[in-house]
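The structure appears below as structure tokens.
The values are calculated or read from the model by the stated rules, or taken from the named source; none is laboratory data. These figures come from a predicted structure and were not determined experimentally. Every residue, glycine as well, gets a Cβ built from its backbone with ideal geometry; the counts of neighbours run over all protein chains shown.
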Amino acid sequence: MKFNVGDKVRFLDDIGGGVVTKVINAQTVVVLNEYDFEIPVSVDSLIKLEEKNIVSDFSRNSYFPESKVSENKVPEVKVPPKKEIIVQPPLVQKPQVVEIQEEEKEENFRKNTDEINVYYAFLPRDVNYLTECDLEAYLINDSNYDLSYLYGVSFGKYFSCSTGIIEPNTKILLETFRRETLSELKSVMFQLIFYNSILYPQNVKMPVERELKINSSRFYIEKRFVENDFFDAKAVIIPVLEENAMVEAIKRLSENDSFNIIHEKEVKNASINKPKQYKKPVNIEEEVIDLHITALLDNESGLSDLDKLQYQMKSFKDSLEKAIEEKKLKRIVFIHGVGNGTLRLELRRELERNYRQYIFQDASFKEYGYGATMVILR
């Protein structure tokens, strides 16, 4: 059955129905349901309601519960008035789809992965005044799935929301925040539904809901604006949802296995919280870089986990670029520890993305356990 925008439909495998607001392809349409939420639905699970069907859906008893209707007289049935749908716009401006550069977009589509990553980003409107200018808020869909989203903002005493759909590997401008009003931004909420409208029309993932508490002080610290893969300028990048095979494998480890790994590989010193000190080898063709935050900073107080990770990744990139430029080393070993695996994962993703010409592998188990990665430069 063919559906058009504006058609009233009813769900065959669920209660309720709605109005078609977008036709994605011949197998999938977007339906605005009674809760004002747009959802992708297969056409096979919908039935189009004609005017007579709408009338027949209401029983005579439900419309005339106390009156007796004569068998020879057909009562006049009044169709309920159409419900006016009001969608409150974002705080400042209507969302605009901004596609990732063509080169990056093609590379993302070639990735043979089911990973889903979503980020909430703040991009300064003037790169020369990072901590003084207004900020543009973006939602980034770093996955091979279409993303249907609901975006809510708690702003002072007010709450606003908007909905939309983001294509795979693109980003969308949600709104622009004026610098003088950032202190009133308390939290944001996302409801996300991922689906593949081209390859797998029926493949809809379970909805995801996330709430982020926003500390506006971060927008006044210049080092919080970092280089990234999504913009040409520095931006504040906040993870909304991150999934990958390695993180999921770590989560599946039992509590006992996690303890044994940490105890065996990292907690061999007298103090359980003190990272192992590694001696650099005498061989000048190899260098060891310790990326533990306690080895990089004398004082880490006031830094969030994200700040620490960003600082560790910057140290990793600076050390690797220096070794490549000087061309003196054959190998460089980065000590990242085991922990929850986040630093190791980010480090290897960076190598796969921007340093494909170099081979990397786990460093010597005898010297470093499971907590180090070796990069072979030549």
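Out of curiosity, is Ser154 in a helix (DSSP H, G or I), within 20 Å of Ile238 (Cα to Cα), of a type in the set (S, T, N, Q) and at pLDDT below 90? No: the conditions fail for Ser154.
The C-beta contact set for region 346-370 (first residue in the same structural domain as Ile289 (by TED's automatic domain parsing) and within 21 Å of Leu309 (Cβ to Cβ), second residue of a type in the set (A, V, I, L, M) and part of a helix (DSSP H, G or I), distance under 8 angstrom, 6+ apart or interchain) comprises Glu346/Leu309; Glu346/Met313; Leu347/Met313; Glu350/Met313; Tyr355/Leu320; Phe360/Leu351; Tyr370/Ile261.
Note on region 168-223: enclosed strands (runs of 3 or more DSSP E) holding 1 or more residues that are surrounded by 16 or more Cβ atoms within 10 Å (Cβ to Cβ) and without any contact (Cβ under 8 Å) to a residue 40 or more places away in the chain are 185-195, 208-213.
Regarding Lys322, is this residue more than 30 Å from Lys213 (Cβ to Cβ), basic (Lys, Arg) and modelled with pLDDT of 90 or more? The answer is yes for Lys322.
Tell me which of these Ser258 doesn't satisfy, since it passes every other one: (1) under 23 Å from Tyr358 (Cβ atoms); (2) modelled with pLDDT under 90; (3) surrounded by fewer than 18 Cβ atoms within 10 Å (Cβ to Cβ). So the condition that Ser258 fails would be (1). Inside region 109-145, residues that are charged (D, E, K, R) and closer than 26 Å to Glu346 by Cβ make up a count of 6. The residue of region 27-46 that is nearest to Pro207 (Cα to Cα), among those that are in contact (Cβ under 8 Å) with a residue 24 or more places away in the chain and aliphatic (A, V, I, L, M), is Ile39. Let me spell it out: the conditions are (1) over 20 Å from Glu227 (Cβ atoms); (2) over 29 Å from the mean Cα position of the chain (by Cα), and Gly337 meets all of them except one. Which number is the exception? Every condition holds for Gly337 apart from (2).
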